[in-house]
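Single-structure report; data block below.
Just so you know, all these numbers are worked out from the coordinates, no wet-lab data involved. What you see is a predicted model; the values in this text were computed from it and never measured. Neighbour counts are summed over all protein chains in view; Cβ atoms, including those assigned to glycine, are modelled from backbone coordinates with ideal geometry.
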Amino acid sequence: MTKSKTLVYLEALFAVIVWGASFIATKIAVEQISPVALVWLRFAIGIPILFIAVIMRKQFAFPKGSEWAYFALLGFLGISFHQWLQSNGLQTSQATTTAWIVSTSPVFFCAISMADIKRKNFNASIFWRCNIHARCISCS
């Protein structure tokens, strides 16, 4: 294995460890503060870090006019809503249970998306995605 490939594997391992530890840290945090406060705190920590990373990589660009609504929806569903669900789920379940739900849900979303591409049935896709989210919430 080359040095650069070893570094890539070590970076991936580090990301997995930090991601897994975040569930334990979130579980401890929701015992101290409310889930909504935790989501805002994570934003307050994450936004400056991401901003610095984007500036250092010289990749900063404003979205085009038609992209703002799309990015706002993605930000709400993919970040805000997801973090709120995770924080609320961790109030009543173990960190490992929530980690399993969060880590396996992309598999189901991909399977549904692949089936939808073959069927070209977007309305059914929305129904099944909402159904999976509801089941994840009820399991948490």
Original post:
Given a Förster distance of 35 angstrom, what is the FRET efficiency for PHE71 paired with VAL16, based on the Cβ-Cβ distance and rounded to 0.05?
Top reply: 0.80
**OP:** With a cut-off of at most 15 other beta carbons within 10 Å, and DSSP calling the residue loop, which trypsin sites (Lys or Arg not before Pro) in region 43-88 qualify? Please list them.
**Re:** LYS58, LYS64
Original post:
Given the convex hull over the Cα atoms of region 1-106, what projected area results after averaging over all orientations, in nm²?
Top reply: 9.0
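Can you tell me how region 25-87 classifies by the Cα gyration tensor, rounded, prolate or oblate, using a/c under 1.5 as the rounded cut?
On the way: a/c = 3.68, a/b = 1.61, b/c = 2.28.
It is oblate, given that a/c is not under 1.5 and a/b is not larger than b/c.
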